[in-house]
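Below is one structure, written out as structure tokens; the observations come after it.
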């Protein structure tokens with residue numbers, strides 16, 4: 001009991017008004033909503049020629065390492081795993097597009113992690129986080145809420161691509177979509193009744209229903225752990241230096257930095273963890289964990305490890321402390337030996353949870369001063385660009401640029417800090433030089 005009491009004190013259970021049951025349920029909810037990465041990440045990286053089994057093991061281990069370290073050291077309910085978008089950049093741009101060997105690409109990921117760590121230790125990354133205009137904090141939370149909801153609508157088949165209108169309503173009679181709609185109704189009803197485990201119950205119930213009606217199939221597959229040696233420590237650092245691939249390192253660093261910044265702000269606001277000045281306590285620890293997780297991931301054999309916005313689902317389930325992230329990390333370790341069981345969870349089960357998390361995050365729109373054009377326009381551009389460009393970094397870029405240009409146009413350039421000017425310039429250069437995010 002004494003140990004439990006000490007842990008409760010360390011994780012500030014009393015101050016955060018939480019308990020073990022809530023934190024464990026929240027951690028399980030976060031894990032289930034982001035478990036798709038165990039299958040999507042290997043399928044993308046395998047196109048580089050990397051062995052599928054080894055990537056799967058690396059994905060499990062890097063997610064477990066990052067999440068547990070985030071919970072234990074930074075004490076935040078934020079889970080980490082190899083990032084979507086950056087894994088696609090790794091595969092389709094760096095390896096297949098530029099003809100770079102995957103071992104060299106892993107070396108670039110490792111060096112970006114080292115650069116992250118150096119920037120954190122010098123305090124520059126913390127200053128970048130603190131330089132973010134207050135007007136954009138709520139906008140990022142709302143934009144990411146729409147982003148999450150859009151992903152859920154897409155994964156469920158409720159919204160589908162359309163060449164004429166970009167997107168349109170899908171076939172609502174399709175088995176997966178019907179399951180998702182039923183799961184959405186169950187979760188929403190439970191949440192309306194104030195059930196803390198609403199999302200977890202809905203996800204598990206929808207998965208069981210999918211198995212009963214044969215929508216998902218289960219097949220045994222032994223652990224991929226023995227195959228880890230096929231990618232672990234295969235990174236080629238001299239290859240990065242010889243080829244002069246610093247542009248690749250910069251892109252990994254740039255996108256990861258601002259994607260993580262958006263995630264930290266959104267999850268922090270949702271959990272009520274930001275202080276009265278809209279600052280993130282212990283931000284140095286959070287960024288250190290992010291850096292170490294990326295380095296660890298490259299050593300095991302996967303692309304950049306990032307904070308996952310799906311962590312908001314655990315926060316919505318009541319998670320407030322680092323215990324939530326630790327539970328998620330431990331479940332990723334279990335998944336290393338039970339990947340087939342995790343694979344039973346269909347997108348139709350997790351999509352409704354993402355839609356509901358998005359709906360909860362929209363409430364932050366009320367915090368934006370919409371009558372003030374200087375605040376409203378950058379906020380609006382941030383909100384709409386995040387989901388429409390499928391990139392948190394792009395949304396932040398549009399927000400920063402609009403904020404700075406409007407201040408200058410209004411003759412208030414002196415109110416803008418030098419670091420905001422620098423970041424705005426970097427965003428503009430990024431768009432000109434790289435073309436797109």
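The values are calculated or read from the model by the stated rules, or taken from the named source; none is laboratory data. All figures in this text were calculated on a predicted structure; none of them were measured in a lab. Every residue, glycine as well, gets a Cβ built from its backbone with ideal geometry; the counts of neighbours run over all protein chains shown.
Remarks
Table: residues versus (1) outside the structural domain of residue 332 (by TED's automatic domain parsing); (2) in contact with a helix residue (DSSP H, G or I) (Cβ under 8 Å, 6 or more places away or on another chain); (3) crowded, with 16+ Cβ neighbours inside 10 Å.
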site	(1), (2), (3)
194	yes, no, no
198	yes, yes, yes
202	yes, yes, yes
233	yes, yes, no
244	no, no, no
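- Test: residue in segment 273-290 that is more than 30 Å from residue 108 (Cα to Cα), modelled with pLDDT under 90 and either surrounded by 21 or more Cβ atoms within 10 Å (Cβ to Cβ) or touching a strand residue (DSSP E or B) at 6+ places or on another chain (Cβ under 8 Å) (or both): no
- Some residue of segment 374-397 being surrounded by fewer than 22 Cβ atoms within 10 Å (Cβ to Cβ), touching a residue at least 60 places away in the same chain (Cβ under 8 Å), not assigned by TED's automatic domain parsing to the domain that holds residue 268 and not in a helix (DSSP H, G or I): yes
- Among the conditions (1) surrounded by 22 or more Cβ atoms within 10 Å (Cβ to Cβ); (2) within 26 Å of residue 334 (Cα to Cα); (3) under 23 Å from the mean Cα position of the chain (by Cα), residue 50 misses just one, which is (3).
- Restricting 92, 73 to residues that are surrounded by fewer than 18 Cβ atoms within 10 Å (Cβ to Cβ) and either in contact with a helix residue (DSSP H, G or I) (Cβ under 6 Å, 6 or more places away or on another chain) or not assigned by TED's automatic domain parsing to the domain that holds residue 47 (or both) narrows the list to 73.
- Scoring residue 162 on the criteria (1) without any contact (Cβ under 8 Å) to a residue 40 or more places away in the chain; (2) surrounded by 15 or more Cβ atoms within 10 Å (Cβ to Cβ); (3) touching a strand residue (DSSP E or B) at 6+ places or on another chain (Cβ under 6 Å) leaves a single failure, condition (2).
- Residue within segment 21-30 that is in contact with a helix residue (DSSP H, G or I) (Cβ under 8 Å, 6 or more places away or on another chain) and either in a loop (DSSP other than H, G, I, E, B) or closer than 30 Å to residue 239 by Cα (or both) present: no
- On inspection, residue 298 does not qualify as closer than 23 Å to residue 62 by Cβ, surrounded by 24 or more Cβ atoms within 10 Å (Cβ to Cβ), at pLDDT 90 or above and under 16 Å from the mean Cα position of the chain (by Cα).
- Segment 311-344: number of residues that are outside any helix (DSSP H, G or I) and under 19 Å from the mean Cα position of the chain (by Cα): 5
- Any hit, segment 223-245, residues being in a helix (DSSP H, G or I) and under 30 Å from residue 183 (Cβ atoms): no
- Of the residues in segment 190-198, none is at pLDDT below 75, closer than 21 Å to residue 91 by Cβ and not in a helix (DSSP H, G or I).
- Here residue 375 passes the criteria (1) over 20 Å from the mean Cα position of the chain (by Cα); (2) on the phi > 0 side of the Ramachandran plot except the one numbered (2).
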